[in-house]
Amino acid sequence: MSELRQISFEVLAVADAQSKVDRLFQLFDDYQKQAIELDIFLKIDSRNFILPGRPSRPELVPPKLVPKRRMNSPEGRARLLHSLAHIEFNAMNLALDAIWRFPDMPQQYYEDWLRVAKEEAYHFSLVNEYLHSLGFCYGDFTAHNSLWEMVERTTDSVMARMALVPRTMEARGLDAVPMILERFQQVKDARAVEILEIILRDEIGHVRIGNHWFNFLCTQENISPIAAYRDLARKYRAPVLKPPFNLEARKQAGFTSEELSLLGV
C-alpha cells in the first residue's frame, strides 16, 4: 500500500502547477478512502530532488522588485490576483513539506496538514481559473519567494516551522486579505471578492492548526509559548510584525490575549 508522507514528498517535487494540484486532490481522496497508509517513522531520501517542484515561471525576484499592483487597469488587478495565486501555490507546497519532512508527530498532525494542502490547492485553482477568464495565467508576472525562504530556514525544527510559517508568515495573510478584499469591492469585482472571502475563512483555520501544533510542542517541552516564539523568531530571523493587524481573525485563529497584546496595538 502507498504511504502518505512518501507521496506528499513526491507531489511536492512535481513542477507543473496543474499536475501538482491534480495529484494532491487525488492524494487527499485516496487517504480519505483509506487506500493510503501513514508511517510516522518512515525515512524519506530527499537527495537528488529539487524542492519544491515549481514551473519555470513566474520569475522570482526580490520583493522590492515586484511592481506595484494598481487597481486602475485590468493588468494591475491581474497582477494582484497573480500575487495571491503565487502565495497559494507556495502554501500548498509548505503544507506538503510539513507532512513529509517531520517524522514522529501524532497522526492528527499529518491529517491536519493534508487538509491544509488540499484547501490551498483549491484556493490556487480558484484564483488561477479567474486569472484565465481575464486573459492571464499563473506565471505571467514576476513574484517573490519570501514565504518559501522561511520554509527553508526551518527545515531542522518542527517547532520553528509551526512558529514561523503558519503563525507568522501565513498569519500576515489574515491582516492583508481584508484590505485586498476592500480594493476589489471598490472596483465592484464580485468574483474576486467571493474568492477572497473563501481564502480568509480557510486561512483562519490554517493558522489555527499552526497554533495548535506549536502549543502542543511547547507543552511537550514544558516551555512558555511566548518565550519560545521570541527565541525562535530571533534565531531564524523572522520578520518583525507591523500593523495593521486583523485582531478578530487572529483571535479566531487561536492567538491568546497575551500574544495579541504583545503586537503593541
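Any read-out appearing in this document is the output of simple, stated calculations on the displayed coordinates, not a laboratory observation. All values reported here derive from a predicted model rather than from experimental measurement. Neighbour counts are summed over all protein chains in view; Cβ atoms, including those assigned to glycine, are modelled from backbone coordinates with ideal geometry.
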(request) Compute the semi-axes of the equivalent ellipsoid of the stretch 94-239, taking the square root of 5 times each eigenvalue of the Cα gyration tensor, and list them largest first in whole Å. (result) 30, 16, 15
(request) Among His123, Ala192, Asn215, pick out the residue whose Cα is farthest towards the positive end of the charge dipole of the stretch 120-265, where Lys and Arg carry +1 and Asp and Glu carry -1 on C-beta, about the Cα centre. (result) Asn215
(message) If I model the chain as equal point scatterers sitting on the Cα atoms and use the Debye formula, what is log10 I(q)/I(0) at q = 0.12, 0.13, 0.14, 0.15 Å⁻¹?
(response) -0.73, -0.86, -1.00, -1.15
(request) Determine the relative contact order of the chain: mean sequence separation of Cα pairs under 8 Å and six or more apart, normalised by residue count, in whole percent. (result) 18 percent
(request) Could you give the size of the charge dipole of the chain about its Cα centre, using +1 on the Cβ of each K and R and -1 on the Cβ of each D and E, expressed in debye and rounded to the nearest 20? (result) 1020 debye
(request) With a 10 Å radius around each residue's Cβ, average the other Cβ atoms per peptide and rank 30-36, 169-175, 180-186, highest first. (result) 169-175, 180-186, 30-36
(request) Please tell me which of these pairs span more than 26 angstrom C-alpha to C-alpha: Lys64/Lys251; Lys33/Lys118; Lys64/Lys242; Lys118/Lys251; Lys118/Lys235; Lys43/Lys251? (result) Lys64/Lys251; Lys118/Lys235; Lys43/Lys251
(request) Per residue of the stretch 110-119, in order, report the coupling 6.51 cos²θ - 1.76 cosθ + 1.60 (Karplus, θ = phi - 60°) as ³J(HN,Hα) in whole Hz, putting x for Gly and Pro. (result) 5, 5, 4, 6, 5, 5, 4, 4, 5, 5
(request) For the stretch 29-40, take each phi angle, set θ = phi - 60°, evaluate the Karplus expression 6.51 cos²θ - 1.76 cosθ + 1.60, and give the result in whole Hz per residue in order, putting x for glycine and proline. (result) 5, 5, 5, 4, 7, 6, 8, 10, 9, 10, 10, 6
(request) Provide the convex hull volume over Cα atoms per residue for the stretch 108-193, in Å³. (result) 118 Å³
(request) Would you calculate the volume per residue, in Å³, of the smallest convex hull containing every Cα atom of the stretch 1-96? (result) 124 Å³
(message) Give the aspartates and glutamates reachable from Lys68 as a straight Cα distance under 18 Å; neighbours fewer than 8 places away on the same chain don't count.
(response) Glu59, Asp140, Glu182
(message) Taking just the alpha-carbon atoms of the stretch 177-265, what radius of gyration and Dmax come out, in angstrom?
(response) 15.8, 50
(request) Would you calculate a helix-derived [θ] at 222 nm for the chain, using -39,500 (n - 2.57) for each DSSP H run of n ≥ 4 and dividing by the full residue count, to the nearest 500? (result) -20500 deg cm²/dmol
(message) Rounded to the nearest 20 debye, what is the charge dipole size of the stretch 182-259 about its Cα centre when +1 sits on each Lys and Arg Cβ and -1 on each Asp and Glu Cβ?
(response) 300 debye
